[in-house]
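Right, one structure below, let's go through it.
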Amino acid sequence: MPDPHSYYDPNQARISHIDFVIKVDFVSSTLHLQSAYTMHTPVEGALFLDTRDLEIHRIHSGGKELNWELDLSDPILGQRLHIKDMNAIASFTIESTTTPESSALQWLNPELTAGGQHPYLYSQCQSIHARSIFACQDSPVVRLTYSADVILPKPLVAVMAAASIGSRDEGSKTRYRFEMPQAIPSYLFAIAAGNIKFRSLGIRCGVYAEPEILEAAAWEFAKTEDILAKAENLFGPYAWDRYDILVLPPAFPYGGMENPRLTFISPVYLVGDRSETIIVTHELAHAWTGNLITNATWEDFWLNEGWTTYAEIRITEALEGREYAQFRSALGRDYMFEDMQHLDSDPALTALSFPMQGLDPDLITTTIPYHKGNAFLTHLEETVGRKKFDAFIKTYIDTYRFTSLSTRQFITFLEEKLGEDIRDIDIDTWLYEPGFPEFAPVLNSRVYENIFAKAAAFANGDQIVEADIGGWKPAEVTLFLRLLPKNLEGSSVRYLEALFNIKESKNATILTSFYVNALQSDYAESLPRIERFTKSIGRSFLVTKIFRAMLGSNWARNEARRIFESAKAHYHPITISNIEEILAAGGL
Ligand code: BES
Ligand code: ZN
């Protein structure tokens, strides 16, 4: 099956390695690249590579210029780079420059960093943005290794999702060296630069962040080695040597991104009580499910995220017990149902896997492949029993490590290995039907039930007091707030604000749920705080919830456009597009 999001031609030779020299220019917001490509086999005739918003200066091999043109062009895919008459060439060099439009890169002015003194650069290549940094076969079926020299002005520091080999002084600049010995799909290429410092968290783990937040980050993620140990117990040896974390500035559009060896994490997780380390569990789990075994195309995205959510829940169970793991599953399902509701008019997008031709993968990402995928895998586990399923997981990982596979290939493997045991499972409904099947596993969380009952009682006018919520974890508070109905009395919302100490809270997930309640109820006095909040966080998943609620709010609706325009400078372009879409759909 061809990849609908790449010009990659499976009949042509694949890239095996790229050795980069990358010059970082903060003045023009561009990277200048000299990229030496090595192919697995010599190329005869044409080679097609993906590009987008790149300036290609020269392509040469052995001192000779190669002929090329940027021919096909598409609003989602970008431009096809067509290198001509290759004549058995197995290596060549491309000299290119990114443009300020290159969608993988965000260049931040100092005001958008913790320190406020230095500029910051970071990349986000998933799903199809790597092509806006370098010409590549930007399909997740193609894996390559790379090495890189990164040159940038002092005192800035460069990091990559690769092994850090060292650095060298070059006058006013520093040259860093990186090597990525494990083969990765292009979407896992990652770089960042800024005033970045490092703190070790143990033998294999550490955290990078701006010095202003380094202490907080090291404290928050101090348990990372434990999570890694539990994950290895379940899924086998960690294949990527080191596991470090980079905490980004608030504009980072995702909660986390599983860049190999160096997970990128949003600063919204620095909550000060270690209650949100699920983000580490999730991104670390991708080291097996996603990075080691990769979805063949973005139509198979659930193989990355459904498996990772399943793995995250299994690790959580090993760390914190079954009750909390079941609770997390239930909370995830609640988010999933919210997304399904928004897709009422587009139910095709609620299937686990659906055709994506003509669709931009980033703009249709929901929590459905995560939690419906987890439910499907849990259903398989419960059907065959945990022991058999765990053995299956090990075989699956051993068989497909460092490769990519499609949903079809996965199902074939599943049926081959589990055969008779899963005969009665309606796999096609799980994969291709919209909505959530009624035969999905039943979750069993006392904590969930209790909160559900409390929320229903509160909605009915019962009081809830300090004693009821004593010992609630932050995720439980979030769930409670999410389960409340719209149109509460202003006084009820004010009461909850005091009860949960919202004005002091540093937890953006709780704050988001609370402000959604406020917006949907009669609590207009919260507007100035909501406005400040929208400028303080950039995680798209959260800010989009705020703007969606604003549109449905009778007192904030007319302010939504203005608030967005004034917060926009704090966001990543992906977040901006997501909000624009919500505003447009809401008639603003
Ligand atoms: N790989 C995803 C982030 C992503 C998804 C980037 C789609 C680009 C396109 C990452 O692993 C992820 O799932 N992040 C979640 C974390 C959450 C599930 C704990 C997020 O950012 O919300
Ligand atoms: Zn993920």
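For segment 181-199, filtering for residues that are touching a Pro at 6+ places or on another chain (Cβ under 6 Å) and surrounded by fewer than 20 Cβ atoms within 10 Å (Cβ to Cβ) leaves 1. Check segment 206-216 and report whether any residue there is without any contact (Cβ under 8 Å) to a residue 40 or more places away in the chain and within 15 Å of ligand 2 (Cβ to nearest atom). Within segment 206-216, not a single residue is without any contact (Cβ under 8 Å) to a residue 40 or more places away in the chain and within 15 Å of ligand 2 (Cβ to nearest atom).
Does residue 467 satisfy the criteria of being outside any loop (DSSP other than H, G, I, E, B) and surrounded by fewer than 18 Cβ atoms within 10 Å (Cβ to Cβ)? Yes.
Quick one: in segment 42-98, of everything that is acidic (Asp, Glu) and assigned to a strand (DSSP E or B), which residue is surrounded by the most Cβ atoms within 10 Å (Cβ to Cβ)?
50
Quick check: anything in segment 407-428 part of a loop (DSSP other than H, G, I, E, B) and polar (S, T, N, Q)? Before you say what the answer is, go through the steps one by one.
Our first condition is that a residue be part of a loop (DSSP other than H, G, I, E, B); within segment 407-428, this holds for 423-426.
Then keep just the ones that are polar (S, T, N, Q); that gives none.
Checking segment 407-428: not a single residue is part of a loop (DSSP other than H, G, I, E, B) and polar (S, T, N, Q).
Scanning segment 306-344 for residues that are within 14 Å of ligand 2 (Cβ to nearest atom) and either acidic (Asp, Glu) or modelled with pLDDT under 95 (or both) yields one hit, 312. Determine whether residue 383 is crowded, with 20+ Cβ neighbours inside 10 Å and touching a helix residue (DSSP H, G or I) at 6+ places or on another chain (Cβ under 8 Å). Judged against the criteria, residue 383 is not a match. All conditions in (1) aromatic (Phe, Trp, Tyr); (2) in contact (Cβ under 8 Å) with a residue 24 or more places away in the chain; (3) more than 26 Å from residue 254 (Cβ to Cβ) hold for residue 120, with the sole exception of (3). Residues in segment 278-303 that are within 10 Å of ligand 2 (Cβ to nearest atom) and not small (Gly, Ala, Ser) were compared, and the one that is surrounded by the fewest Cβ atoms within 10 Å (Cβ to Cβ) is 279. Of the residues making up segment 504-524, those that are outside any loop (DSSP other than H, G, I, E, B) and touching a residue at least 24 places away in the same chain (Cβ under 8 Å) number 13.
Here's the yes/no breakdown for (1) buried (at least 19 other Cβ atoms within 10 Å of the Cβ); (2) free of Cβ contacts under 8 Å to residues at least 24 places away in the same chain; (3) assigned by TED's automatic domain parsing to the domain that holds residue 135:
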residue: 148; (1), (2), (3): yes, no, yes
residue: 159; (1), (2), (3): yes, no, yes
residue: 165; (1), (2), (3): no, yes, yes
residue: 179; (1), (2), (3): no, no, yes
residue: 202; (1), (2), (3): no, yes, no
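Which residues, taken from segment 339-367, are among the aliphatic types (A, V, I, L, M), within 12 Å of ligand 1 (Cβ to nearest atom) and either assigned by TED's automatic domain parsing to the domain that holds residue 455 or touching a residue at least 60 places away in the same chain (Cβ under 8 Å) (or both)? Give the steps one after another, and end with the answer.
Step one: filter segment 339-367 for residues among the aliphatic types (A, V, I, L, M), giving 340, 343, 348-349, 351-352, 356, 359, 363-364.
Next cut, within 12 Å of ligand 1 (Cβ to nearest atom) only: 363-364.
Across segment 339-367, the qualifying residue is only 363.
The values are calculated or read from the model by the stated rules, or taken from the named source; none is laboratory data. Keep in mind that what you see is a predicted model, and the values were worked out from it rather than measured. No Cβ is skipped: glycine too gets one built from the backbone with ideal geometry, and neighbour counts run over all protein chains shown.
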